[in-house]
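Asker: Dropping a structure here in structure tokens format, bear with me for questions.
The values are calculated or read from the model by the stated rules, or taken from the named source; none is laboratory data. Given the structure is predicted, the values throughout are model-derived calculations rather than measurements. Here the Cβ positions follow ideal geometry from the backbone for every residue, glycine too, while neighbour counts run over all protein chains shown.
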Amino acid sequence: MNDLHDSSAEKAVLGGLLIDESALVDVATILQPDDFYDEKHAWIYAAMLAMQTEQVRRDYVTITNRLDTDGHLEAIGGAAYLTELVGSTPTAMNAVTHARVVSRFGTLRKLMNASASIAKLAYNAGSEHVDQVFTKARQILDAATPMDSDDAVLLWLHSLDAFFSGQFERVGELEAIDRGEAPARVTFPWAAVQRFVKWLRAGMLAVIAAESSVGKTTAMECCAEYWARQGLHVAFFHLELSHRFMLDRRMARQSGETLETIESGEVTVRMREADLRMREWPGAIHYVHCPGWSAYQIVQKARQLRARGYCDVIVIDYLQKLQLGYRNGQNKADAVGNAVEGIKNGLEQMGIPGVLGSQFNRQAKHQDRKTASLIRSSGEVEEKSNVVITLDRDILDAEMTDSTGRIIAGTGERSPLVKVRIDKNTAGPTGDCELVMNGPRFSMRDKAQ
């Protein structure tokens, strides 16, 4: 433990702050009193922070008086020790650099203490639910996190510099994507939709909503496979369909074989060829069959997959199958809203986008124009998401044929024409477009294809 500190750096920070009181503005964003190994250094720094908060001028005399009032002046070695700190520090210019050294050692010591606390927590967990243990462990780790790793705060001058730095980073990111060295941007697989939603940025949540049997799951499967072909790792959380059925649907899409053929157990040449093509995709889809899971459980599993490099974007099929948690006095709409908010917060924290499927309510059957307000048990889903895409297919009152006269949909069946509405889009326009559904192949494509 004695090796995890740098006395020279601690003295240099304090000496720099005694020479130039304005340096505390930047140092305070990096350093906390408990980052200092030497207790007397922590007392001096704490006195400086308190005086800054109280807007008291900080110089040799006022700091000496403050330490005397706090009862620490004699313990640090008197005013002579402050004189020693100033004398051993030639300039305040490197105060921030020295502060980072002190912060690093302070963080390492905190991590050692945190690891011991977490081990004790796990050992004494008893019958406590593992999620509660994880929550307590995360709180312990959060307390050990250095202040300058907090990305939530962006100071004004830093924000001005950050824009142009970000522009240069974007150029590098795009070049890396072109070279195949970085995951592609998360765009939708249909040109008709890309006219409205260019791509899903980090932390964005897109909701795809439809009535039952319209094709929302198919749409999300098509998205996942498109992203895998683009080099992305997709975590696909399916709360209803089994692994076997998800794989059967995928093979029907990729091979062109019917579901009847697949379920017969036959292995065809087209299946083998589809398998070889999928093995060459630069990305992948990782399926998580999670019936009865809560939004919290999904986010936690996504975090684990993300940490292992298996999650660049998540897909959740679907909202109404989530296990809900009710707080005091809340109704179902509130609980659904909390679930969506939890997913959205998780995406923002992980820095990845996500797609969430949802059903419409019963009133949707009587509405010609499907909008986000029809989402079942909405809980303000449309308010909490960044993009809402609604899908609709008319029920035919007569047979539909193609240009050769072949019947492609019978009376009473859903039309293969998918009416798509981009009903909300925080990063672009809203509007309507059309796609085509191939039910037997579980596929959705642009009309022109």
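Asker: Taking the condition of being exposed (fewer than 15 other Cβ atoms within 10 Å of the Cβ) and either under 22 Å from the mean Cα position of the chain (by Cα) or not charged (D, E, K, R) (or both), how many residues in the stretch 269-291 meet it?
Answerer: Narrowing the stretch 269-291 to residues exposed (fewer than 15 other Cβ atoms within 10 Å of the Cβ): 269-270, 272-273, 275-277, 279-280, 282, 291.
Checking which are either under 22 Å from the mean Cα position of the chain (by Cα) or not charged (D, E, K, R) (or both) leaves us with 269, 276, 282, 291.
The number of residues fulfilling the criteria is 4.
Asker: Same structure, new question: Quick test for you: out of GLY405, GLY431, GLY354, GLY412, pick the one residue that is on the phi > 0 side of the Ramachandran plot and either touching a residue at least 60 places away in the same chain (Cβ under 8 Å) or of a type in the set (Lys, Arg) (or both).
Answerer: GLY431
Asker: Is it true that GLY346 is buried (at least 20 other Cβ atoms within 10 Å of the Cβ), out of contact with any Cys (no Cβ under 7 Å at 6 or more places or on another chain) and modelled with pLDDT of 95 or more?
Answerer: no
Asker: Looking at the stretch 380-407 only, could you name the residues that are modelled with pLDDT of 75 or more and β-branched (Val, Ile, Thr)?
Answerer: VAL381, VAL387, VAL388, ILE389, THR390, ILE395
Asker: Please verify whether GLU380 is acidic (Asp, Glu) and out of contact with any Gly (no Cβ under 8 Å at 6 or more places or on another chain), treating the condition exactly as stated.
Answerer: On the way: acidic (Asp, Glu): yes; out of contact with any Gly (no Cβ under 8 Å at 6 or more places or on another chain): no.
Taking the combined requirement at face value, the residue does not satisfy it.
Asker: Restricting attention to the stretch 414-423, does a residue exist that is of a type in the set (A, V, I, L, M, F, W, C) and either modelled with pLDDT under 75 or not assigned by TED's automatic domain parsing to the domain that holds ALA302 (or both)? Outline the logic, then answer.
Answerer: Taking the stretch 414-423 and keeping what is of a type in the set (A, V, I, L, M, F, W, C), we get 417-418, 420, 422.
After this cut, where a residue has to be either modelled with pLDDT under 75 or not assigned by TED's automatic domain parsing to the domain that holds ALA302 (or both) as well, the list is none.
No - not one qualifying residue is present in the stretch 414-423.
Asker: Then there is this: In the stretch 1-52, which residues are touching a helix residue (DSSP H, G or I) at 6+ places or on another chain (Cβ under 6 Å) and among the small types (Gly, Ala, Ser)?
Answerer: ALA9, ALA12, GLY15, GLY16, ALA23, ALA42, ALA46, ALA47
Asker: Ok, one more. I'm told THR261 meets every condition in (1) surrounded by 12 or more Cβ atoms within 10 Å (Cβ to Cβ); (2) touching a residue at least 12 places away in the same chain (Cβ under 8 Å) except one. Can you identify the failing condition by its number?
Answerer: THR261 satisfies all of (1) surrounded by 12 or more Cβ atoms within 10 Å (Cβ to Cβ); (2) touching a residue at least 12 places away in the same chain (Cβ under 8 Å) except (2).
Asker: Right, here's the next one. Filter the stretch 15-63 down to the residues that are at pLDDT 90 or above, crowded, with 19+ Cβ neighbours inside 10 Å and farther than 27 Å from ALA114 by Cα and list them by number.
Answerer: Those that are at pLDDT 90 or above, crowded, with 19+ Cβ neighbours inside 10 Å and farther than 27 Å from ALA114 by Cα: GLY15, GLY16, LEU17, LEU18, MET48, ILE63.
Asker: Then there's this: Among the residues of the stretch 432-449, which ones are small (Gly, Ala, Ser) and surrounded by 13 or more Cβ atoms within 10 Å (Cβ to Cβ)?
Answerer: As a first pass, look at the stretch 432-449 and keep what is small (Gly, Ala, Ser): 439, 443, 448.
The answer is GLY439, SER443.
Asker: OK, next. From the list GLY265, GLY325, GLY283, which one is of a type outside the set (Phe, Trp, Tyr) and on the phi > 0 side of the Ramachandran plot?
Answerer: Working: GLY325 fails: on the phi > 0 side of the Ramachandran plot; GLY283 fails: on the phi > 0 side of the Ramachandran plot.
Testing whether each residue is of a type outside the set (Phe, Trp, Tyr) and on the phi > 0 side of the Ramachandran plot leaves just GLY265.
Asker: Another one. Got a sec? Which of SER358, SER377, SER294 is more than 19 Å from THR426 (Cβ to Cβ), hydroxyl-bearing (Ser, Thr, Tyr) and either buried (at least 20 other Cβ atoms within 10 Å of the Cβ) or modelled with pLDDT under 90 (or both)? Lay out the reasoning, then the answer.
Answerer: On the way: SER358 fails: more than 19 Å from THR426 (Cβ to Cβ); SER294 fails: either buried (at least 20 other Cβ atoms within 10 Å of the Cβ) or modelled with pLDDT under 90 (or both).
Being more than 19 Å from THR426 (Cβ to Cβ), hydroxyl-bearing (Ser, Thr, Tyr) and either buried (at least 20 other Cβ atoms within 10 Å of the Cβ) or modelled with pLDDT under 90 (or both) holds for just one of SER358, SER377, SER294, which is SER377.
Asker: Does ASP397 satisfy the criteria of being in a loop (DSSP other than H, G, I, E, B), touching a Ser or Thr at 6+ places or on another chain (Cβ under 9 Å) and not hydrophobic (A, V, I, L, M, F, W, C)? Before you say what the answer is, go through the steps one by one.
Answerer: Working: in a loop (DSSP other than H, G, I, E, B): yes; touching a Ser or Thr at 6+ places or on another chain (Cβ under 9 Å): yes; not hydrophobic (A, V, I, L, M, F, W, C): yes.
Spelling it out, ASP397 is indeed in a loop (DSSP other than H, G, I, E, B), touching a Ser or Thr at 6+ places or on another chain (Cβ under 9 Å) and not hydrophobic (A, V, I, L, M, F, W, C).
Asker: On to the next question. State the number of residues belonging to the stretch 298-335 that are modelled with pLDDT under 85 and closer than 21 Å to SER212 by Cβ.
Answerer: The qualifying residues number 2.
Residues are listed down the side, and each one gets a yes or a no for (1) under 23 Å from TRP43 (Cβ atoms); (2) at pLDDT below 90:
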| residue | (1), (2) |
| --- | --- |
| HIS72 | yes, no |
| ASN94 | yes, yes |
| VAL102 | yes, no |
| THR107 | yes, yes |
| HIS129 | no, yes |
| ASP148 | yes, yes |
| GLU175 | no, yes |
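Asker: Kindly provide the set of residues from the stretch 105-126 that are crowded, with 16+ Cβ neighbours inside 10 Å and among the basic types (Lys, Arg), ordered by number.
Answerer: Of everything in the stretch 105-126, those that are crowded, with 16+ Cβ neighbours inside 10 Å and among the basic types (Lys, Arg) turn out to be ARG109, LYS110.
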